[in-house]
Amino acid sequence: MPFEQPRFEEEPIIGKTSSENGDEDKTCKEEKEKKYVYPPSGEEMEQIKIRHKTFERLKELEGAPEKTMDVANEMEEIKKEICIDRLEIKRDSEGKIILHHATSASNYFKIERDSAIKPPAKTGERSWRLKGEEEPEKLEKVYLATKEEAELIAERLQNKYGGSVYILEVHVDEKNLHPDEDTKEKTWYKSLDALKTCSFKGEIKDYNMVGKLDFQLPLEKRQEYFLRSIKAKTPEEKEKIRQEFKDEIACLAAKEQRELKKILEQKQKEKAET
């Protein structure tokens, strides 16, 4: 949010006259005390909205006290909607939550083959392959993120493993959404608020590819080529290293695309047969 210049409220301070003992009357001049009044923060605005909506709802239920017990649940829904609105999370025409998923080329090919994003328990793979990530509950989930966070995850995936990275838009039923365990939050939307990530339990069939990072070597490999080029003793040797770098990318990228083409052709064939 752009910085806003503080507003000022002026409050006059009225002086008092001196006693009647003949001394010269001393009258304090009016002074203006400047108070800094800043606009409410995002969190404060959310609390204001929640209080306002709670008041409105309670006022509606004045004639039906037996229903006031439902207000707590309604307020939780209001908190959720205010939170996802601030995070700019959208819903589709069916009310499904729209989130994003970043995945490597090899995983994307399997997604296309199966026409579904499947959790590691069904694919046997996990993008990060981190220690402690093999817990049964985690293996049953697909991890999702906001669009901006998915783009950052895609960059990290490519830097670590290389290859192309795909960003998928998914439409999911929120009843199957859960927090990312790393956030320690209790709800999926608070998880998104904390780390911009959450999880989905089960398979996701409603997806669409909306972004791609073109093929690249892992960051470590790129750094090796860079150091070799720095140490090159002649322009010819430097150009040779540069061409070797380009040839390796072109070769591996072509191999990756051939694999994707084969999978897509097979899908098209199966679709035509049915």
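Every number here is computed from the coordinates shown, using simple stated rules; none is lab data. Computed from a predicted model, the values in this text were never measured in an experiment. All Cβ positions, even for glycine, are placed from backbone atoms using ideal geometry, and neighbour counts span all protein chains on display.
Using a Förster distance of 30 angstrom, determine the FRET efficiency expected from the C-beta separation of Lys49 and Lys212, and round it to 0.05. Can you show the working numbers first?
Values: r = 38 Å, r/R0 = 1.27.
The formula returns an efficiency of 0.20 here.
Along the Cα-to-Cβ line of Arg156, 7 Å from the Cα, sits a label point; which residues in the stretch 183-218 have backbone N less than 12 Å from it?
The answer is 183, 195-198.
For the stretch 119-268, give the magnitude of the charge dipole about the Cα centre (Cβ charges: +1 Lys/Arg, -1 Asp/Glu; no others), in debye to the nearest 20. Walk me through the numbers before you get to the answer.
Numbers: 31 positive and 32 negative charges, 98 e Å.
Dipole of the stretch 119-268, to the nearest 20 debye: 460 debye.
Can you classify the stretch 97-213 as rounded, prolate or oblate using the Cα gyration tensor, where a ≥ b ≥ c are the square roots of its eigenvalues, rounded means a/c under 1.5, and otherwise it's prolate if a/b beats b/c and oblate if not?
Note, shape of the stretch 97-213 comes out rounded.
What is the order of Leu87, Leu217, fewest Cβ neighbours within 10 Å to most? Before the final figure, lay out each step's value.
Numbers: Leu87 14, Leu217 20.
Lowest count first: Leu87, Leu217.
Which value, in debye to the nearest 20, describes the size of the charge dipole of the stretch 175-247 about its Cα centre when Lys and Arg Cβ atoms bear +1, Asp and Glu Cβ atoms bear -1, and nothing else is charged?
Details: 17 positive and 15 negative charges, 22 e Å.
So the dipole magnitude of the stretch 175-247 works out to roughly 100 debye.
Lys and Arg at +1, Asp and Glu at -1: add these up for the other residues within a Cβ distance under 12 Å of Ala194 and post the number.
Details: positive: Lys184, Lys186, Lys190, Lys196; negative: Glu149, Asp180, Glu181, Asp182, Glu185, Asp193.
Net charge around Ala194: -2.
Which of Thr197, Thr103, Thr234 has the fewest other C-beta atoms within 10 Å, and how do the rest follow up to the most?
The order, fewest Cβ neighbours first, is Thr234, Thr197, Thr103.
Kindly state, to the nearest 0.05, the FRET efficiency for Lys261 paired with Lys175, given R0 = 45 Å and r defined as their beta-carbon distance.
Numbers: r = 37 Å, r/R0 = 0.83.
After rounding, the FRET efficiency stands at 0.75.
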